[in-house]
Amino acid sequence: MLYLIYENSFEGFLTAVFDAFYLRRTDIHLLSECAEPPLLFDCRTVSSDSIKAMRVQKSIKQRLGTNTLWTIFTAWLSHDENIEDILLSYLRLAFKLGADISKMSQNDAVFKTISTAERVKREAHRFKEFVRFKKYKDIYIADIFPDFEILPLIVRHFSERFNDQNFIIRDKHYHKALIYYDKRAVIADITEFWEPDDMDKDEFEDMWKKYYSAMCIESRKSRRRMLSFMPLKYHRYMPEKRPDFSGE
């Protein structure tokens, strides 16, 4: 059994896919460098190679379609355990069947790939609603803690919606930040997040709290119904839902 350890990026993953197909072995597993490598099996480190990655990406687009490439990328963003092996199995089958892969939903790899991509897309959609910005000097800053790495899926939404503002969305789970400055967007790795001393003194927090108080009718409050629309895990960075807010 051979484990290919790839650099933790989608380019790195596609590079490992290229090597897996090139080696023509059925006992290959793919593993991110962030995971714990197995001790009793052969492990090889795969360095990211943009040429190999582009060849895989081009093959997927030409033979399977752009939507399939997007599904694979979205499922990979879940970083679920064994997602790389699931996607490798999906691709092996897809390159054999071509467009007919869409009819194979009963296949385990196909089902897991598509269902995982849907879970990631649902969370990305949720965060389009629940991101809350604070203003610090001339920039707006928002913090999120998603289950999946969703910044690549929400960059277009926020760049178009707030294209006249500079902003940063900080993913404190995956230590990344979506930075939109001077009409340009980039996603960067962040080792440590800087927290200004006066970050909490912000008029936008007061605005959200006042809006929540104005819209909330005490006699009609239903915690169960509220949580169905606004799950508890999103409350951490929502000023109107913080425990210290009297309207909670």
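The values are calculated or read from the model by the stated rules, or taken from the named source; none is laboratory data. Predicted model only: the values in this text are computed from it and were never measured. Cβ coordinates were reconstructed from backbone atoms using ideal geometry, including for glycine residues, and neighbour counts include every protein chain displayed. For the accessible areas, the whole protein counts, side chains as well, though only heavy atoms, and no ligand, DNA or RNA atoms are used. Shrake-Rupley method; radii C 1.70, N 1.55, O 1.52, S 1.80 Å.
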So if I take the centroid of the Cα atoms in segment 155-186 and the same for segment 15-63, what is the distance between those two points in Å?
30
Take Cys43 and Asp27, extend 7 Å from each Cα along the Cα→Cβ direction, and tell me the distance between the two endpoints in nm.
1.8
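On a 28 Å Cα-Cα criterion, which of the cross-link pairs Lys52/Lys128; Lys128/Lys183; Lys103/Lys176 come out too long?
As for pairs spanning more than 28 Å Cα to Cα, those are Lys52/Lys128; Lys103/Lys176.
If you rank Val186, Val155 by how much accessible surface each has, with a 1.4 Å probe, what is the order from largest down? Walk me through the numbers on the way to the answer.
On the way: Val186 80, Val155 35 Å².
The most accessible residue leads, giving Val186, Val155.
Give the carbon-plus-sulfur fraction of the accessible surface of segment 67-199 in %, rounded to a whole number; probe 1.4 Å, heavy atoms of protein chains only.
The computed percentage sits at 49.
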Got a number for the accessible area of Glu33? Probe 1.4 Å, square angstrom, nearest 10.
110
Would you mind working out the magnitude of the charge dipole of segment 1-72 relative to its Cα centre, with +1 at each Lys and Arg C-beta and -1 at each Asp and Glu C-beta, to the nearest 20 Debye?
500
With no solvent and one point on each alpha carbon, what is the Debye value of log10 I(q)/I(0) for segment 1-92 at q = 0.19, 0.23 Å⁻¹?
-0.83, -1.24
Taking the Cβ of Lys183 as the center, what net charge do the other residues with Cβ under 12 Å away carry, scoring Lys and Arg +1 and Asp and Glu -1?
-2
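Using R₀ = 30 Å, calculate the FRET efficiency as 1/(1 + (r/R₀)^6) where r is the Cβ-Cβ separation of His175 and Ser115; round to 0.05. List each step's numbers first, then the result.
Details: r = 27 Å, r/R0 = 0.89.
After rounding, the FRET efficiency stands at 0.65.
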Two-site label geometry, Cys34 and Ser9: point separation in nm, points 7 Å out along Cα→Cβ
1.5
